[in-house]
Structure formats: C-alpha cells, structure tokens
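Structure record follows, encoded as structure tokens.
Here, each number is a calculation from the coordinates, and none is a lab measurement. Everything numeric in this text was worked out from a predicted model, so none of it was measured. Ideal geometry is used to build each Cβ from the backbone, glycine not excepted, and the neighbour counts take in all protein chains shown.
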Amino acid sequence: MTIPNILTIIRLILTPFFIVSFILGLQVWSILIFSVAGFTDLIDGTIARLLKQYSVKGAFLDPMADKFLLESCFICLFASGIIPWWFFILAFGRDLMIVCGIFYLEYHKAPLPYKATIASKIATIFQLAVAIMGLIVWWQPNITVGYTPLASIFFGMLIVTTCLVVVSGAQYVFIGLHILREKHIVGEGALRS
C-alpha cells in the first residue's frame, strides 16, 4: 500500500459520504467532503512522482476513483438544476467512453500506457473547480465575487471546461485507435512469421 494508493482509497471511501450528505441537503458538509476528496486527487500524482511510488494498480484505480467522485457530483448537480444537461452528458459520456475503452483494450490484451494526457489532467482540474463552484452556487445561489455573481463565473468555467473535456476526449480516442492499430500490425506480423 503506497501513499498515493491510500489517498485514492480515501477518495473512494469519501465519495458515498458526499452523495449521502448531498441527498440529505447538508450543503456545507457536501462542500467540505468533496473538497477533501478532490484535494487527494490533486496531490496523489505529485506524491507518486516525488516518492517514486508508481504501481499498475494505482494507475488503474486512480482515474476510476476520479471518475466516481466527479460523476457522482455532476449527477447530484444536474439533478438539482445547477449544471445544464449538455455539460452533464458530455462529461459523463467522455468518462464512460474512457472506461469502456480501457476495458476493451484490457480484454484484447493491448498494452495500456496508464498515463493521463496533459489535456486530461488540466480538464480534471477544471472539472474539480466546476464541481466545487457548482456546490457553492447550490449552497449560496446569490453569492458574488466582487460585483460579479458567482453563477456568471460558474457558467464561464463550464464553457472552458467543456472545451477541455472535448479536447481530452478526442486525444483518448486517438490514443486508443493508435494502440489498436499497433496491436493489429503486431498480430499480422506474428501470423506471417
């Protein structure tokens, strides 16, 4: 059990507590629990690099824990009318595509890099920011930052995050197709020999 893997497990454990607190309308608790869980996501990769604590299990478990946390929050915010349907479908669809792609490649025993792209890392950071801002808007809908309503800033963040989600999703499709093409070529070469 490495430190990054422990942080990932903490994130997995906290997610159901977040869901329950949201359903019960415990807004401050929801924000706190999600923020702690999101913070573990931000630091586990850095700790893994600093301590050189890499593992295949962690590389697989970490993105699954991220998606479980973020999609749980997006489902809650969508059900509450905080995020629009198009953002929810896009974010959920991208993550579903990535998970299905991983299982498909695993099933066909294709070599998986298990490394997030830079666009995906940035998209995850922005998705965490959107989730926290959405939770704050859910808690205090009329809150302002200076003279600007947080809801307006939140909408701008949604647009930027949407672009990042589309770019990172396209990158993963390209990577997946490249892996399949390489595997197919290797398979043909093996058959010829």
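Data overview
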{"quantity": "Neighbour-count order for 54, 107, 147, fewest beta carbons within 10 angstrom listed first", "calculated": "147, 107, 54"}
{"quantity": "Whole-Hz couplings from phi, Karplus 6.51/-1.76/1.60, listed for segment 93-104; x for Gly and Pro", "calculated": "x, 4, 5, 5, 4, 5, 4, 4, x, 4, 5, 5"}
{"quantity": "Rg and Dmax of the chain, Cα atoms only, in Å", "calculated": "18.5, 71"}
{"quantity": "Exposure proxy order (Cβ contacts within 10 Å, fewest to most) of 76, 100", "calculated": "100, 76"}
{"quantity": "Of 91, 110, 119, the one that fluctuates the most in a GNM where the chain has Cα springs shorter than 10 Å", "calculated": "110"}
{"quantity": "Lysines with Cα under 22 Å of residue 52, excluding same-chain neighbours fewer than 8 positions away", "calculated": "115, 121"}
{"quantity": "Packing-based exposure ordering (other Cβ within 10 Å, fewest first) of 35, 120", "calculated": "35, 120"}
